[in-house]
Amino acid sequence: MPETISATAAPALDKTPGTRTKARARAARNRAILVQTSRALVLLGVIGLWEWLARAAVIDPFNFSMPTKIWDQLEQWALHGTAQGSLWEQIWYTLYEALLGWGIGVVAGVVLGIAFGRVAFLADVLGPYIKVLNALPRIVLAPIFLIWFGLGPASKVASAVVLVFFPVFFNAFQGAREVDRNLVANSRILGASNRQVTLQVVIPSATSWIFTSLHVSFGFALIGAIVGEYIGATKGLGLLVSSSQGTFNAAGVYAAMVILAVVALLAEGLLTFLEKRLFRWKPAQPGEDR
């Protein structure tokens, strides 16, 4: 009987913490590989179906183009440039406008969001005006900015700022309001001033809220820059879209969209990397690979 007990208990003894950790890590790697493979297969399936539909004339290749023509357009732009100059110059011009607008919008949104979250009187007085401005269709401000600031990058930066500001502001405001009141009370007991509470308690607690808005807001910054360039510009990817549309070059429109998608994915990857580095202390969500 003792031999039977020891024999059945042996497998349980093998499940040490180290073994379980390795098993979890292996399962996470396998799942990551499965997810990435599935993503690639979905993309290849969509591209292949699009190409087949265009070649079989199920869809009009003049209006919808096809992936091979889009690739040829990208290759032509990369090797021989565009009518407005080098492709890389167009990418950098749009990226510069988006990054500058994103930076200004993020800083303004975080500062005002934290301020409104900390000062109730300020939120009560100016809150309704912020809500009214947020309700406006901000993309229609691009023509106004074009009139105010001209064809240069300033009008595109302004469009990016107004699109970025509001999601960052509301997340920072909510993050400041959601701070654990016990932490604030304990800081007060220990003699912390308002400034110290804001810098050492409120802002660190709201950081996860702010980072959540950063993922969305960079896409908004790109949209603001592209729309501004589409309406009127001398350089940029938005001008490429406008020029391609004017010459009925569907492949050029899609090629510019592909470039924008790649830029957005790279920015999203960088933000995700920074978030994981800054928030190592946070427990991983189910299905999330940290």
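The values are calculated or read from the model by the stated rules, or taken from the named source; none is laboratory data. Predicted, not measured: the structure shown is a model, and the values here were computed from it. Cβ: placed from backbone, ideal geometry, glycine included. Neighbour counts: every protein chain shown. The area values use the complete protein model at the heavy-atom level, side chains included, leaving out ligands, DNA and RNA. Shrake-Rupley method; radii C 1.70, N 1.55, O 1.52, S 1.80 Å.
Some notes on this structure:
- Selection count where residues are among the charged types (D, E, K, R) and either surrounded by 12 or more Cβ atoms within 10 Å (Cβ to Cβ) or not in a helix (DSSP H, G or I) (or both), scope region 124-141: 1
- Region 75-86, residues that are free of Cβ contacts under 8 Å to residues at least 24 places away in the same chain, in contact with a helix residue (DSSP H, G or I) (Cβ under 8 Å, 6 or more places away or on another chain) and either among the charged types (D, E, K, R) or at negative phi (or both): 78
- For residue 121, the criteria (1) assigned to a helix (DSSP H, G or I); (2) touching a helix residue (DSSP H, G or I) at 6+ places or on another chain (Cβ under 9 Å) hold in every case but one, which is (2).
- Residue match in region 168-183 (condition: within 30 Å of residue 235 (Cα to Cα), among the hydrophobic types (A, V, I, L, M, F, W, C), in the same structural domain as residue 222 (by the TED database) and modelled with pLDDT of 85 or more): yes
- In this entry, residue 138 passes the filter for residues that are touching a helix residue (DSSP H, G or I) at 6+ places or on another chain (Cβ under 8 Å) and charged (D, E, K, R).
- Beta carbons closer than 9 Å, at least 6 apart along the sequence or on distinct chains, pair a first residue in region 55-68 that is farther than 20 Å from residue 43 by Cα with a second that is open to solvent by less than 50 Å² (accessible area, probe 1.4 Å) for 60/54; 62/250; 63/250.
- Taken over region 142-157, the residue count meeting the criterion of being surrounded by 20 or more Cβ atoms within 10 Å (Cβ to Cβ) and either outside any helix (DSSP H, G or I) or free of Cβ contacts under 8 Å to residues at least 60 places away in the same chain (or both) is 0.
- When the test is whether a residue is under 16 Å from residue 251 (Cα atoms), surrounded by 10 or more Cβ atoms within 10 Å (Cβ to Cβ) and at pLDDT below 90, residue 28 does not pass it.
- Residue ID - most open to solvent (accessible area, probe 1.4 Å), chosen from residues in region 246-260 that are closer than 16 Å to residue 60 by Cβ and assigned to a helix (DSSP H, G or I): 254
- Answer residue from region 47-71, given it is β-branched (Val, Ile, Thr) and part of a helix (DSSP H, G or I) and is least open to solvent (accessible area, probe 1.4 Å) among those: 70
- Put simply, of 272, 207, 234 the only residue that is over 30 Å from residue 176 (Cα atoms), among the β-branched types (Val, Ile, Thr) and surrounded by fewer than 18 Cβ atoms within 10 Å (Cβ to Cβ) is 234.
- Of all residues in region 240-247, at least one satisfies being touching a Ser or Thr at 6+ places or on another chain (Cβ under 9 Å) and at pLDDT 85 or above.
- Test: residue in region 89-101 that is open to solvent by 50 Å² or more (accessible area, probe 1.4 Å), over 24 Å from residue 214 (Cβ atoms), touching a Gly at 6+ places or on another chain (Cβ under 7 Å) and not hydroxyl-bearing (Ser, Thr, Tyr): no
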